[in-house]
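The values are calculated or read from the model by the stated rules, or taken from the named source; none is laboratory data. Small disclaimer: the values here were computed from a predicted structure and weren't measured. In this analysis, Cβ positions are derived from the backbone assuming ideal geometry, glycine residues included, and neighbour counts consider all displayed protein chains.
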Amino acid sequence: MTEHTTCCHCGQIISGTPVMVGNDSLCECCAEEETTLCSRCGERIYRHDNAGDEETPLCQHCYENHYYRCDRCGRIIYDGDAYYASDDEDQNYPLCHACYSSRNRDRAIQDYYYKPEPLFRGDGPRYFGVELEIDGAGEDNSSAREVMEIANSNGLENLYCKHDGSLDDGFEMVTHPMTLDYHRKEMPWKKILHCAVDMGYTSHQAGTCGLHVHVNRDAFGEGAGCGDCPDSVLLREELGRTFEVQPPDTAPVGSLGGSLRLQGSSQGAVGSCQERPCRTLHQRKPHQC
């Protein structure tokens, strides 16, 4: 006597191999209507057990171990793509990129996780991105706007500001990648630093601040590792505590506490770091105010 498998959903006899969902046997028609595949592990699940959404169906196990829901809009977020507000120190309220960007759109000081698409300024091949922390006069949006108005006065976004949890009462200024020539001729560093000092900020003297200068990998030549360039320390280490960044041939400014001069050599091939930035770090005693 021939045995037949019956679809546990519609009751029809299944001809051929049934579609299994756990221990349930389904005909192909019911499987198409009532089930879906987990987008991560491929397990077939009932649609009413979908822990994700229509765009990203998930079994319960994959959802609990690899995904969140945006706290604002409910969108499914992979754990590596979640953003958090700077005041969400315990990361209890994950946000999708759209909600995170919307939250920060009207803020001059962006959250720590803010990372816009880099805008390359000047003609390469070497680009330098500066991160300069200032402290002591408030994590204040109006102060950040003043700094950005000066930095972006040529009509382009050259600099933005971010929250930094290592500071007591300040924020971080971050430039887009720029050539040395652009830093010298287009970035009004002297005005930016005067503005910061006038508002009461310090940097090196604050004891809480740091400076990073990022250099694109192509700057070291084809096949060269970062360690092949004497100035690769710019990529790896914080430069002292914090030094001012200024165009060459300008005097140190106010009470920020030191200076970093970006200079280019006029001789040598790429292998010897032609036109590479040379660090000249000038410590000095604090100004008396």
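Scanning the stretch 29-42 for residues that are over 34 Å from the mean Cα position of the chain (by Cα) and either of a type in the set (Ser, Thr, Tyr) or not in a helix (DSSP H, G or I) (or both) yields a count of 2.
Would you call ILE76 touching a Phe, Trp or Tyr at 6+ places or on another chain (Cβ under 6 Å) and surrounded by 13 or more Cβ atoms within 10 Å (Cβ to Cβ)? It is true that ILE76 is touching a Phe, Trp or Tyr at 6+ places or on another chain (Cβ under 6 Å) and surrounded by 13 or more Cβ atoms within 10 Å (Cβ to Cβ). Looking only at residues in the stretch 111-136 that are small (Gly, Ala, Ser) and not in a strand (DSSP E or B), which one is surrounded by the most Cβ atoms within 10 Å (Cβ to Cβ)? Among those residues, the one meeting the criterion is GLY136. Return yes or no: is ASP169 crowded, with 19+ Cβ neighbours inside 10 Å and part of a loop (DSSP other than H, G, I, E, B)? Against the criterion (crowded, with 19+ Cβ neighbours inside 10 Å and part of a loop (DSSP other than H, G, I, E, B)), ASP169 does not qualify. Number of residues in the stretch 118-144 that are among the small types (Gly, Ala, Ser) and in contact with a strand residue (DSSP E or B) (Cβ under 6 Å, 6 or more places away or on another chain): the value is 4.
Taking the stretch 14-28 as the range and being surrounded by 10 or more Cβ atoms within 10 Å (Cβ to Cβ) and over 50 Å from the mean Cα position of the chain (by Cα) as the test, the residues that pass are ILE14, SER15.
Annotation: of all residues in the stretch 186-223 being basic (Lys, Arg) and over 22 Å from the mean Cα position of the chain (by Cα), the one that is surrounded by the fewest Cβ atoms within 10 Å (Cβ to Cβ) is LYS191. Evaluate the following for GLY80: is it small (Gly, Ala, Ser), part of a loop (DSSP other than H, G, I, E, B) and either under 24 Å from the mean Cα position of the chain (by Cα) or farther than 21 Å from PRO116 by Cβ (or both)? The answer is no for GLY80. Considering only residues that are touching a Ser or Thr at 6+ places or on another chain (Cβ under 7 Å), small (Gly, Ala, Ser) and at pLDDT 90 or above, which ones fall in the stretch 112-165? GLY122, GLY129, GLY136, ALA137, listed by residue number. Selection of the stretch 141-167 for residues being in contact (Cβ under 8 Å) with a residue 40 or more places away in the chain, hydrophobic (A, V, I, L, M, F, W, C) and under 16 Å from HIS194 (Cα atoms) yields VAL147, MET148, ILE150, ALA151.
Taking only the stretch 150-207 into account, find how many residues are more than 28 Å from PRO125 (Cβ to Cβ) and polar (S, T, N, Q). Here the count works out to 4.
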